[in-house]
2 protein chains.
Amino acid sequence: MSTSRPTIYDVAKAAGVSKSLVSLVLRGSTNVSKESEAAVKTAIKKLNYQPNRAASDLAAKRTQLIAVLIDDYSNPWFIDLIQSLSDVLTPKGYRLSVIDSLTSQAGTDPITSALSMRPDGIIIAQDIPDFTVPDSLPPFVIAGTRITQASTHYSVANDDFRGAEIATKHLIDLGHTHIAHLRVGSGAGMRRFESFEATMRAHGLEPLANDYLGPAIEHAGYTEALALLKEHPEVTAIFSSNDITAIGALGAARELGLRVPEDLSIIGYDNTPLAQTRLINLTTIDDNSIGVGYNAALLLLSMLDPQAPHPEIMHTLQPSLIERGTCAPRGG
Amino acid sequence: MSTSRPTIYDVAKAAGVSKSLVSLVLRGSTNVSKESEAAVKTAIKKLNYQPNRAASDLAAKRTQLIAVLIDDYSNPWFIDLIQSLSDVLTPKGYRLSVIDSLTSQAGTDPITSALSMRPDGIIIAQDIPDFTVPDSLPPFVIAGTRITQASTHYSVANDDFRGAEIATKHLIDLGHTHIAHLRVGSGAGMRRFESFEATMRAHGLEPLANDYLGPAIEHAGYTEALALLKEHPEVTAIFSSNDITAIGALGAARELGLRVPEDLSIIGYDNTPLAQTRLINLTTIDDNSIGVGYNAALLLLSMLDPQAPHPEIMHTLQPSLIERGTCAPRGG
């Protein structure tokens with residue numbers, strides 16, 4: 001924790017001046033009286049204050065806030081993530097504050113929004129196009145598979161390629177041959193689509209998918225599934241890129257009078273709280289959001305602790321199949 | 001808005017010095033060179049910079065952040081609220097940051113969590129037991145009907161008593177006489193329960209309700225509805241205190257082999273995005289979250305503008321019935 005080392009406040013106290021004055025001295029300002037400058041420099045030496053922390057210390061007193069950037073509150077995949085982030089971080093005195101991209105698109109990107117609340121750390125759980133790391137960015141961890149993921153960024157994600165393979169394989173094992181994929185345009189969505197295509201081809205089956213590249217919203221799942229099922233009545237199984245779009249697909253099936261799972265099998269991805277409800281009872285892939293949150297939090301803590309050894313850059317967790325009520329053998 | 005008047009940054013710019021130096025001059029520090037002091041004082045006069053803002057400007061650069069306090073991400077009633085808060089506030093340069101009580105219960109109350117990110121304003125959209133206003137609290141608006149609501153607090157809510165009356169009356173008008181209410185322990189939940197009882201009695205009907213006083217979560221709706229329907233097979237209609245608990249009730253009906261709406265009518269409250277999905281297609285009461293968010297945002301803006309006239313303390317909006325697929329005439 002930052003408390004284990006002297007801050008600009010300690011320097012100011014020791015020098016008997018204000019924090020503002022210390023900042024001026026650190027910036028090499030000429031607007032400072034000789035006596036104060038001397039006092040500050042003595043204090044810095046005495047406390048072994050490390051100037052490399054100056055910038056962030058000037059920016060703000062530690063807030064103990066961790067900003068969590070997500071896409072959209074109506075896609076509940078993030079709920080387990082936040083719960084397990086909190087399970088690790090709140091006992092350490094940190095608090096979570098969530099910013100979504102959907103409601104902060106007024107010109108400012110989510111990173112700017114996050115920085116304006118001066119978090120000690122950031123969990124990036126959304127796709128950020130043209131993501132570049134500002135100098136002032138505090139330690140951050142990318143959670144989930146993202147479009148803009150550099151090998152230099154600390155990240156934790158489930159293996160979306162493997163998860164999509166498990167989902168597609170499950171439908172194939174149930175005897176389905178006309179399997180469609182409902183894709184979305186997110187980083188995870190891309191990986192899941194690639195894996196669906198590869199797995200289908202590996203089994204000598206023709207991959208069928210929609211062209212939608214927008215966000216994972218229920219209504220898109222509904223309209224895309226409706227169009228796809230009307231155009232391809234031979235389809236007996238759908239692998240939906242997310243639980244929320246799978247719920248849309250379930251609505252489309254109901255609309256078309258198709259019984260799930262008797263006439264149509266549907267498998268989602270994320271194992272959201274909604275998939276777990278008795279009403280929806282969705283067969284899905286557990287994206288291990290709890291594990292992702294847990295590991296992302298530990299990773300962030302070690303980055304926030306200057307004494308801690310350097311952690312691994314990239315962490316990949318295993319997804320798993322959750323069998324519920326929406327998949328059945330072909331013609332079953 | 002704070003942008004409509006000169007800030008300490010404008011003064012620093014005009015004087016060709018740093019913000020830190022301006023703060024020192026404002027504090028009457030003796031550690032500042034005569035020339036810089038003169039430059040700053042000239043700039044202050046020229047810009048007609050108002051020192052009464054100095055304190056807050058020193059404390060922190062305006063964060064342009066609005067903290068939104070909610071209960072639980074898995075109850076999606078807040079999504080419309082946040083969207084309309086954002087529709088009003090982001091064009092004004094504000095950003096929303098959400099804090100939920102479920103994941104910040106590590107000793108610290110949500111208000112403390114909110115203050116640590118230095119918001120310019122706060123929207124309180126959750127029940128806070130023993131809520132007291134700290135001196136340091138920025139302008140805040142209570143959104144929704146809350147347990148701890150003082151007549152001195154600015155607030156915007158839909159008329160939950162009226163909404164519950166509409167819901168109960170709708171089931172009565174459909175010919176149902178054995179109507180059960182699934183209650184929850186929130187401020188809004190209390191009002192809706194009171195109104196259900198009053199409306200039933202006003203129509204000479206015996207109100208039946210569960211004893212649950214916990215939070216509005218889907219699983220509670222499921223278990224409570226399951227127990228209630230097993231104990232009272234005569235029940236043909238359920239008014240659920242929220243959409244999310246209604247989804248639990250729909251799961252219980254499925255579990256018991258009851259067809260909705262043929263065997264059992266279910267009406268929710270909130271008109272959440274989930275209620276609007278083709279799959280769930282829930283008849284519900286629109287709690288006017290969009291209107292609540294819109295008015296709460298305007299209220300907050302006028303509180304943030306010292307020039308604005310004092311707004312009304314309490315705003316109550318009308319709820320409305322949204323008929324979908326989960327209610328039908330008794331025995332229909």
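Odds and ends about this structure:
- Test: residue in the stretch A:303-321 that is farther than 19 Å from A:G189 by Cβ, modelled with pLDDT under 95 and part of a helix (DSSP H, G or I): yes
- Members of the stretch B:106-143 found to be part of a loop (DSSP other than H, G, I, E, B), within 16 Å of B:S186 (Cα to Cα) and either in contact with a Leu (Cβ under 8 Å, 6 or more places away or on another chain) or in the same structural domain as B:A216 (by the TED database) (or both), listed by number: B:A125, B:Q126, B:I128
- Residue satisfying all of: in the stretch A:287-329; of a type outside the set (A, V, I, L, M) and closer than 24 Å to B:R254 by Cα; least open to solvent (accessible area, probe 1.4 Å) among these: A:T326
- Selected residue (criterion: nearest to the chain's Cα centre (by Cα)) from residues of the stretch A:277-286 that are open to solvent by 10 Å² or more (accessible area, probe 1.4 Å) and within 13 Å of chain B (Cβ to nearest Cβ): A:N281
- The combined condition, being on the phi > 0 side of the Ramachandran plot and modelled with pLDDT of 95 or more, is fulfilled by B:G257.
- Selection within the stretch B:265-276: residues that are buried (at least 24 other Cβ atoms within 10 Å of the Cβ) and assigned to a loop (DSSP other than H, G, I, E, B). The member of this set that is farthest from the other protein chains (Cβ to nearest Cβ) is B:Y269.
- Considering A:T283, A:T199, the condition of being of a type in the set (S, T, N, Q) and touching a residue at least 40 places away in the same chain (Cβ under 8 Å) is satisfied by A:T283 alone.
- Checking each residue in the stretch A:187-221 for being among the polar types (S, T, N, Q) and either under 23 Å from A:E255 (Cα atoms) or open to solvent by 30 Å² or more (accessible area, probe 1.4 Å) (or both) picks out only A:N210.
- Test set (1) modelled with pLDDT of 90 or more; (2) within 13 Å of the chain's Cα centre (by Cα); (3) crowded, with 21+ Cβ neighbours inside 10 Å - B:D127 fails condition number: (1)
- Among the residues of the stretch B:144-159, the one identified as assigned to a strand (DSSP E or B) and either open to solvent by 30 Å² or more (accessible area, probe 1.4 Å) or among the hydroxyl-bearing types (S, T, Y) (or both) is B:S155.
- Any hit, the stretch B:67-87, residues being open to solvent by 30 Å² or more (accessible area, probe 1.4 Å) and among the β-branched types (V, I, T): no
- Taking first residues from the stretch B:124-147 that are farther than 19 Å from B:D100 by Cβ and partners that are open to solvent by 30 Å² or more (accessible area, probe 1.4 Å) and among the aromatic types (F, W, Y), the Cβ contacts under 8 Å between residues at least 6 apart in sequence or on separate chains come to B:P139/B:Y154.
- Residue, nearest to A:F78 (Cα to Cα), within the stretch A:170-221, restricted to residues that are of a type in the set (G, A, S) and part of a helix (DSSP H, G or I): A:A188
- Scanning the stretch B:222-231 for residues that are of a type in the set (A, V, I, L, M, F, W, C) and either assigned to a loop (DSSP other than H, G, I, E, B) or open to solvent by 30 Å² or more (accessible area, probe 1.4 Å) (or both) returns a single hit, B:A227.
- Taken over the stretch A:245-256, residues that are open to solvent by 10 Å² or more (accessible area, probe 1.4 Å) and either part of a helix (DSSP H, G or I) or away from every other protein chain (no Cβ under 13 Å) (or both) amount to 3.
The values are calculated or read from the model by the stated rules, or taken from the named source; none is laboratory data. On a predicted model such as this, the values are computed, not experimentally measured, just so you know. Cβ: placed from backbone, ideal geometry, glycine included. Neighbour counts: every protein chain shown. Ligands, DNA and RNA are excluded from the accessible area calculation, which covers all protein heavy atoms including side chains. Shrake-Rupley method; radii C 1.70, N 1.55, O 1.52, S 1.80 Å.
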